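Asks: One structure, as C-alpha cells, below. Some questions next.
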Amino acid sequence: MSVVHEIRSAGLSDRVALRDGSIVYLRPLRGDDEAALRACLEGVSPESLRRRFCGTTDLARAATSLVRDCGPDDVALVVEAGSSPEIVAHAASFPLRTSRAEVAFLVTDEWQGRGLGSLLLSRLARAAELNGVTTLVADVLPRNRAMLAVFERSGYPVEVRWDAHGVEVEIGVTPRVPALARAA
C-alpha cells in the first residue's frame with residue numbers, strides 16, 4: 001500500500017542520473033518502507049540527524065512515525081541507491097494551511113553534495129503545485145548552510161528569516177527560472 005495516494009504520486013517516481021553520474025531511484029514512500037527507513041536513519045551521523053530533527057530522536061520511533069503517520073495530504077518521497085533497495089534520502093511535505101506546507105529533508109552523509117536535496121525539493125514543489133500549495137516552509141538550523149544553499153540555488157523564489165532559534169525559509173513553488181527548478 002502506498003503512503004501517498006496514487007493521484008498525488010503521479011510523476012514522482014523516476015530513475016535519475018545525478019551530477020556525479022550516480023543513478024538513483026526516486027519514488028513515493030510506501031507502507032512497507034519502515035525497516036529500510038530505519039536502517040537509513042541508523043546510518044546517518046548524529047550531526048545530520050540533529051539537522052533533520054532539530055535535536056536528538058528515537059530512530060525507531062522516527063521511522064515508524066514517518067511511515068505510519070502520513071496524512072492523506074502529505075507527500076513523502078525516498079531515494080534508493082541505484083538498483084539497491086537501500087534508502088539514501090527521505091523528504092516530505094506536510095500541509096499547514098490551505099496554501100502552505102512544511103518540508104523536511106534527510107540525505108545520508110555519503111550521498112550529500114550530489115544534488116539529492118535539489119532533486120527532492122523540485123519534486124515536492126511539483127507535487128505541492130499540483131495540490132494547490134503555493135508556499136513550502138522549512139525550519140533550518142542556522143549552521144545547516146548546505147540546506148540553506150540548496151534552497152537559495154533552487155531557482156524558486158526564496159525568503160529567509162533568521163531569529164534566535166533558527167532560520168525559517170519560505171519557498172514559492174512557481175520557479176523563477178523554470179529550467180533550473182525543473183531540471184533536478
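Coordinate-derived values only; no laboratory data. These numbers come from a predicted model, not from an experiment. Counting neighbours? That spans all protein chains shown, and the Cβs are built from the backbone with ideal geometry, glycine included.
Asks: List CYS40, CYS70 from most exposed to least, where exposure is judged by having the fewest other Cβ atoms within 10 Å.
Replies: So the residues, fewest neighbours to most, are CYS70, CYS40.
Asks: A further question on this structure: Using the Karplus curve 6.51 cos²θ - 1.76 cosθ + 1.60 with θ = phi - 60°, what ³J(HN,Hα) values do you get for each residue of the stretch 68-75, in whole Hz, with x for Gly and Pro?
Replies: 8, 9, 5, x, x, 9, 6, 10
Asks: Here's a follow-up. Rounded, prolate or oblate, given the Cα gyration tensor of the stretch 119-165, with a/c below 1.5 counting as rounded?
Replies: Verdict is prolate for the stretch 119-165.
Asks: When the label point is put 7 Å from the Cα of ASP69 along its Cα-to-beta-carbon vector, which residues of the stretch 105-148 have a backbone N closer than 17 Å?
Replies: Under cut-off, by backbone N: 105-106, 139.
Asks: Still on this model: Assigning unit charges at the beta carbon (Lys, Arg +1; Asp, Glu -1) and nothing else, what dipole magnitude in debye, to the nearest 20, does the chain show about its Cα centre?
Replies: 420 debye
Asks: Next question. So how much slack lies between ASP109 and THR57, counting 0.36 nm per residue of separation and subtracting their Cα-Cα distance, in nm?
Replies: 17.0 nm
Asks: So how far apart, in nm, are the two label points at GLU102 and GLU168 if each is 7 Å from Cα heading toward Cβ?
Replies: With each label point 7 Å from Cα toward Cβ, the separation is 1.2 nm.
Asks: What shape does the chain have by the C-alpha gyration tensor, where a ≥ b ≥ c are the square roots of the eigenvalues, rounded means a/c under 1.5, and otherwise prolate means a/b greater than b/c and oblate the rest?
Replies: Numbers: a/c = 1.22, a/b = 1.12, b/c = 1.10.
The shape class here is rounded.
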